[in-house]
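Report on the following structure.
The values are calculated or read from the model by the stated rules, or taken from the named source; none is laboratory data. The structure presented is a predicted model; accordingly, all values stated were derived computationally and were not measured. Glycine gets a Cβ as well: all are built from the backbone with ideal geometry, and neighbour counts include every protein chain shown.
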Amino acid sequence: MRCPFCGSLDTQVKDSRPAEDGTAIRRRRICPDCAGRFTTFERVQLRELTVLKKTGRKVPFDRSKLVRSFEIALRKRPVDEERIERAVSGIVRRLESSGEVEIPSEQIGLQVLESLKALDDVAFVRYASVYRDFSHAEDFEKVIEEINAKIGRDHALD
């Protein structure tokens with residue numbers, strides 16, 4: 001592993017432990033050349049995924065973009081980082097195990113919406129406003145009505 005500080009190729013692992021509910025390994029590393037310390041994560045990758053954009057363009061799947069989408073939608077919301085990581089890992093696992101190599105971006109967006117709906121209603125509305133391209137206040141009202149209907153059903157089951 002290359003040192004991010006000095007570029008040396010000779011780094012050493014000082015500590016390894018499971019992370020992300022056992023789906024990754026967290027490694028603490030040190031560079032003997034500059035004494036820099038850093039952390040790496042190893043994850044199982046079942047297959048190389050490609051995202052098929054609405055324009056027809058194909059780009060490699062980037063997990064960090066998925067994480068960033070969650071972080072933006074959940075900014076200043078009381079949702080634990082661990083729950084976000086579980087949601088992201090779940091989406092990635094579903095995509096990798098789907099058997100498809102090319103995943104339409106719309107499919108990823110729908111999975112993010114479903115996950116956000118379970119995590120936080122405000123984040124769901126934020127993401128939906130961009131994903132569904134809201135242009136009027138009525139668009140927000142429709143989504144809020146959906147959420148209120150869901151809350152009403154949930155309370156009726158109690």
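Cβ-Cβ distance below 9 Å, separation of 6 or more or different chains: which pairs start in region 53-67 with a residue that is within 15 Å of Q111 (Cβ to Cβ) and end on one that is among the aromatic types (F, W, Y) and not in a strand (DSSP E or B)?
Listed pairs, sorted by first residue: none to list.
Please tell me if E81 is under 24 Å from G56 (Cα atoms), modelled with pLDDT of 80 or more and exposed (fewer than 12 other Cβ atoms within 10 Å of the Cβ).
No; evaluated as a whole, the condition is false for this residue.
Could you check R86 against (1) among the basic types (K, R); (2) within 16 Å of A118 (Cα to Cα); (3) touching a Ser or Thr at 6+ places or on another chain (Cβ under 6 Å) and say which number it fails?
All conditions pass for R86, except number (3).
Tally time: how many residues in region 42-59 are under 26 Å from G7 (Cα atoms), in a strand (DSSP E or B) and more than 15 Å from the chain's Cα centre (by Cα)?
1
Looking at R28 and the list (1) part of a loop (DSSP other than H, G, I, E, B); (2) at pLDDT 95 or above, which single condition is not satisfied?
With respect to (1) part of a loop (DSSP other than H, G, I, E, B); (2) at pLDDT 95 or above, R28 is out only on (1).
Looking for something surrounded by 15 or more Cβ atoms within 10 Å (Cβ to Cβ), under 26 Å from E81 (Cα atoms) and modelled with pLDDT under 95 - is there at least one such residue anywhere in region 3-18?
No, every residue in region 3-18 fails to be surrounded by 15 or more Cβ atoms within 10 Å (Cβ to Cβ), under 26 Å from E81 (Cα atoms) and modelled with pLDDT under 95.
For S64, work out the one condition from (1) surrounded by 15 or more Cβ atoms within 10 Å (Cβ to Cβ); (2) over 20 Å from A128 (Cβ atoms) it doesn't fulfil.
If we test S64 against (1) surrounded by 15 or more Cβ atoms within 10 Å (Cβ to Cβ); (2) over 20 Å from A128 (Cβ atoms), just (1) comes out false.
Is it fair to say E71 is among the acidic types (D, E), part of a helix (DSSP H, G or I) and not assigned by TED's automatic domain parsing to the domain that holds G7?
yes
Looking at V13 and the list (1) hydrophobic (A, V, I, L, M, F, W, C); (2) under 25 Å from F124 (Cα atoms); (3) not in a loop (DSSP other than H, G, I, E, B), which single condition is not satisfied?
Unmet condition: (2).
Yes/no matrix, rows are residues, columns are (1) within 23 Å of R93 (Cβ to Cβ); (2) touching a strand residue (DSSP E or B) at 6+ places or on another chain (Cβ under 9 Å); (3) in the same structural domain as E82 (by TED's automatic domain parsing):
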{"position": "L119", "(1), (2), (3)": "yes, no, yes"}
{"position": "V122", "(1), (2), (3)": "no, no, yes"}
{"position": "E141", "(1), (2), (3)": "no, no, no"}
{"position": "I144", "(1), (2), (3)": "no, no, no"}
